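Before any comments, here is the structure.
The values are calculated or read from the model by the stated rules, or taken from the named source; none is laboratory data. Computed from a predicted model, the values in this text were never measured in an experiment. Positions of Cβ are backbone-derived with ideal geometry, glycine not excepted, and every protein chain shown enters the neighbour counts.
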Amino acid sequence: MGRLACISVDRLALQILLRRLPGTEPVAVVREDRPSSPLVHVNRKAADRGLRPGMRYSEALALVSELKAFTVSAHEIQAAQNEILDVLAKWSPVLEVCPNDAGSVWAQTTGLTSLYGSEAQWGAGVRQALKHLGYRAVIVIGNTRGATLVLARSRRRSSVLGSPEAEQEALSQAPLSEVPLEARHRRLLEKLGIRRFGQLAALSPDDLARRFGSELVQALQTFQAFNVLPLQPVHRDPAPGVGCQLEAPVSDRSLLLPVIRDLLTPVLERLLRQGRLLAELRLEFALETWASSVTPARLVEVLRPAAPTNDPKGWNKLVDLRLSQGEFPAAVLEVHLTFSEVDPPPGSGELFAAPQSRDLHRGAQALALIRAQWGNDSVVRPLLLESHLPEGSFRWEEIGLLRPPKRKAPAAMLENHALEMPVHVSAIRRVFRPLARRAGPCAGERLAGPYRLSQPTCNGVAVDREYWFLRTKSLEVQWVAYNRLTSTSELTGMVD
C-alpha cells in the first residue's frame with residue numbers, strides 16, 4: 001500500500017464551535033436544542049469544572065451557571081470538512097475521508113519525502129496549514145489505515161512510525177476506546193479488564209463469538225480490513241454552472257447585467273425548490289482576442305454574499321456593483337456562471353441563544369457589498385511575519401468569518417493596575433498601500449530617529465535606509481523611510 005498518514009482533527013464539532021467562541025469560558029456541544037439533551041463535547045475549561053460528555057444540559061447548567069452550550073449542525077461539519085479537504089489537497093494527491101470519523105482523513109505520502117525533506121517536515125507543514133484555519137490536528141504517518149487512525153485519535157502529539165513492527169507494537173498498546181467498536185461491546189470488554197487493542201487481538205475469533213456474538217467479530221474483521229484495502233480517493237463533484245454565447249461581442253459591462261440576471265434567475269428558483277442556498281457565484285467571461293494581443297482569453301470574477309442566500313435582489317445588487325467597476329480589456333463573447341451550493345443551516349432555538357451587542361450579520365453584509373464593488377482582496381487584515389524589513393514583517397490575509405472583538409490586557413497593564421498606576425495606551429501605526437514617494441528627505445519636526453537598517457542584499461537588492469518619526473505642520477505623526485542609496489523618501493505609515 002505504501003506510506004500514508006492519518007490527519008485527525010479531534011472533536012471536530014467542538015473545534016468548529018471554538019472558532020466562533022475564542023474565549024476561555026466553559027463551552028459544550030449538545031446534541032439537540034433541549035434541556036434534556038446530553039453533552040457531546042466539552043472544552044478544557046468546562047472539564048476542569050467537573051463537566052463530562054454524557055451529562056444532561058440542565059444538570060451541567062446547575063453545576064456551572066456560566067456554561068455556554070450550542071448545537072453544531074451537519075451542514076457546519078460538512079462545510080468544515082470541505083475546508084479541510086481543500087487544504088489537504090495541496091499536500092497530497094490522494095485523500096480518503098474516514099467513514100467513522102468526520103474529522104479524520106487519510107492521505108498518501110509515498111514519494112513526498114523528496115519534496116519536503118522528511119515525513120516529519122511534511123506533517124509539520126500540514127499541521128501549520130490547518131492551524132491557520134483554526135484547527136488543531138494530530139498526524140500519524142505509518143503503513144496501514146487502521147493503525148494510523150487509532151494512534152492519531154489516541155495521541156496528543158504527531159509521530160512517524162518508521163517500520164511495520166513499530167506500528168504494530170504501538171497499535172497493541174493503543175486504548176480500546178479509539179477502536180471503532182460499538183459502545184456496548186466496549187463496556188463489556190472493559191468489565192473483563194480488556195482495555196487495549198493488543199489484548200483484544202490476542203483472543204481467538206471463536207472465543208469472541210461465543211462470548212460476545214458474531215457482531216463483535218465482524219466489527220473487528222472490518223477494522224482489520226482497513227490494512228489491506230488501498231486508499232479510496234474522495235471524488236468531489238465539480239460545481240454546477242450555466243452559460244450562453246452572446247450574439248455579438250459586448251464591451252459595455254452594463255449590457256451584461258440582463259444576461260447574467262436571465263441566467264441566474266432559474267438557478268435561484270431551482271435552489272429554492274430543492275431547499276438549498278447559493279453560497280458563491282463565479283462569473284467567467286470569454287474575451288475576444290487577436291493573434292498579436294496579450295489580452296487574457298478569460299476574465300473571472302467571484303462574488304460571495306454575507307451568508308448563503310437565494311434572494312434575487314441581493315445577488316443582482318452584488319453583480320451590479322462588480323460590473324460597475326472598470327472596463328473589460330476586450331469585448332465579451334461568452335458568459336459562464338458557476339455556483340457553489342450549500343444546505344441551509346438548521347433553525348437555532350432560543351434555549352442556547354446568547355444576546356449579542358454587535359450585529360455580526362449586518363457587518364458581514366456590509367463587507368460583502370465592499371467586496372462586490374472593490375474586489376475580494378479589498379477586505380483584508382495584516383498577518384505578522386518574521387522579517388527584518390518592515391514591509392516584509394506582515395502580509396495581507398482575506399477576512400472570512402467575522403468574530404466579536406476581544407480585548408486582551410497586556411501583562412504590564414495588569415501589573416500597573418495592581419499598583420494603581422496610570423496605564424499609557426501604545427500607539428497604532430497605519431500602513432499605507434501604495435507608498436507615497438518623494439525626492440530627498442521629508443520635511444517635519446524630527447521626534448525620533450534615525451533608525452538605520454542596512455544589509456547587503458534582500459531578494460537580490462541592497463538595502464540602506466533610515467527610519468524617522470516626524471511631526472508635520474498639521475500635528476500628524478508620520479513614519480517615513482529615507483533610502484540612502486536612491487536619495488528618496490517614502491511615507492510608510494501614520495501613527496494614531
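Say we look at segment 130-184 and pick out the residues that are in contact with a Leu (Cβ under 8 Å, 6 or more places away or on another chain) and among the basic types (Lys, Arg); which of these is nearest to CYS98 (Cα to Cα)? Only one residue tops the list, namely ARG145.
Within segment 25-48, count every residue that is without any contact (Cβ under 8 Å) to a residue 40 or more places away in the chain and either surrounded by 14 or more Cβ atoms within 10 Å (Cβ to Cβ) or under 19 Å from ASP10 (Cα atoms) (or both).
Count: 12.
Scanning segment 159-188 for residues that are within 18 Å of ASP10 (Cα to Cα) and among the acidic types (Asp, Glu) yields a single hit, GLU178.
Selection of first residues in segment 386-397 that are closer than 20 Å to ALA462 by Cα and modelled with pLDDT under 70 and of second residues that are part of a strand (DSSP E or B) and among the small types (Gly, Ala, Ser), restricted to Cβ pairs under 8 Å at least 6 apart or on distinct chains, gives the following pairs, ordered by first then second residue: PRO390/ALA481. Checking each residue in segment 107-148 for being part of a helix (DSSP H, G or I), under 19 Å from PRO233 (Cα atoms) and modelled with pLDDT of 90 or more picks out VAL126, THR148. The residues listed here are VAL267, VAL217; of these, the one that is part of a helix (DSSP H, G or I), surrounded by 16 or more Cβ atoms within 10 Å (Cβ to Cβ) and touching a Leu at 6+ places or on another chain (Cβ under 6 Å) is VAL217. For ARG187, state whether it is surrounded by fewer than 18 Cβ atoms within 10 Å (Cβ to Cβ), out of contact with any Leu (no Cβ under 9 Å at 6 or more places or on another chain), at negative phi and in a loop (DSSP other than H, G, I, E, B). It is false that ARG187 is surrounded by fewer than 18 Cβ atoms within 10 Å (Cβ to Cβ), out of contact with any Leu (no Cβ under 9 Å at 6 or more places or on another chain), at negative phi and in a loop (DSSP other than H, G, I, E, B).
Residue count for segment 190-206 under the criterion of being more than 16 Å from THR222 (Cβ to Cβ) and not in a loop (DSSP other than H, G, I, E, B): the result is 6. Screening the candidates ARG184, ARG155 for the property of being modelled with pLDDT of 85 or more, charged (D, E, K, R) and assigned by TED's automatic domain parsing to the domain that holds CYS6 yields one hit, ARG155. Of the residues that sit in segment 472-496 and are outside any loop (DSSP other than H, G, I, E, B) and among the polar types (S, T, N, Q), which one is farthest from the chain's Cα centre (by Cα)? Ranking the candidates gives THR488 first.
Can you find a residue in segment 57-76 that is touching a Leu at 6+ places or on another chain (Cβ under 8 Å) and under 23 Å from SER158 (Cβ atoms)? No: zero hits.
Count of segment 94-127 residues, restricted to those that are buried (at least 19 other Cβ atoms within 10 Å of the Cβ), in contact with a Ser or Thr (Cβ under 9 Å, 6 or more places away or on another chain) and closer than 19 Å to ASN143 by Cβ, is 12.
Among the residues of segment 66-96, write down those that are polar (S, T, N, Q) and at pLDDT 85 or above. Residues satisfying the conditions are THR71, GLN81, ASN82, SER92.
Within segment 220-264, the only residue that satisfies the criterion of being in a strand (DSSP E or B) and under 28 Å from the mean Cα position of the chain (by Cα) is GLY241.
Is one or more of the residues making up segment 60-70 under 26 Å from LEU149 (Cα atoms) and within 25 Å of the chain's Cα centre (by Cα)? No, every residue in segment 60-70 fails to be under 26 Å from LEU149 (Cα atoms) and within 25 Å of the chain's Cα centre (by Cα).
Screening ASP464 on (1) at pLDDT below 75; (2) surrounded by 12 or more Cβ atoms within 10 Å (Cβ to Cβ); (3) farther than 26 Å from THR24 by Cα shows it passes everything except condition (1). Number of residues in segment 154-167 that are out of contact with any Gly (no Cβ under 9 Å at 6 or more places or on another chain), in a helix (DSSP H, G or I) and touching a residue at least 12 places away in the same chain (Cβ under 8 Å): the value is 1.
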